[in-house]
Amino acid sequence: MSSRRSRQSSAGVSRISDDQIIELISKLRQFLPEIRDRRSNKVSASKVLQETCNYIRSLHREVDDLSERLSQLLATIDADSAEAAIIRSLFM
């Protein structure tokens, strides 16, 4: 069998080729600071996926932290003020 064969989901609806997977991994590399800043381009796909997961987790932590800080700020200002409206809009 060819290594370029299409992959099929368990529902049989979506197909993705090995070339598409390679292209997606390449695109992920561009977004990951840990990998993008390295001099060597020889990083395995599993490492790229692992770094992607780590990066997403760190972004989630940042969002949680900012959300908590905004909630604390909102609790200290007048609920009907323009500042409170701006903070509430950030949550949406």
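Overall, the accessible surface of the stretch 12-92 at a probe of 1.4 angstrom is composed of carbon and sulfur to the extent of 56 percent. Listed values for the stretch 77-86 are Karplus-derived 3J(HN,Hα) couplings in whole Hz (6.51 cos²θ - 1.76 cosθ + 1.60, θ = phi - 60°), namely 10, 4, 5, 9, 7, 5, 4, 5, 5, 5, and x replaces Gly and Pro. The phi-based Karplus calculation (6.51 cos²θ - 1.76 cosθ + 1.60; θ = phi - 60°) puts the 3J(HN,Hα) values of the stretch 47-52 at 5, 4, 5, 5, 5, 4 Hz, whole numbers, x for Gly and Pro. Assign one of three labels to the stretch 20-73, namely rounded, prolate or oblate, based on the Cα gyration tensor with a ≥ b ≥ c the square roots of its eigenvalues; rounded applies when a/c is under 1.5, prolate when it is not and a/b is larger than b/c, and oblate otherwise. Prolate. With the simple spin-label model, which puts each label point 7 Å out from Cα in the Cβ direction, the SER58 to GLN20 separation comes to 3.0 nm.
The values are calculated or read from the model by the stated rules, or taken from the named source; none is laboratory data. Owing to the predicted nature of the structure, the values given are computational and were not obtained by experimental measurement. Note: ideal-geometry Cβ built from the backbone for every residue, glycine included; neighbour counts use all protein chains shown. With ligands, DNA and RNA removed, areas are computed over all heavy atoms of the protein, side chains included. Shrake-Rupley method; radii C 1.70, N 1.55, O 1.52, S 1.80 Å.
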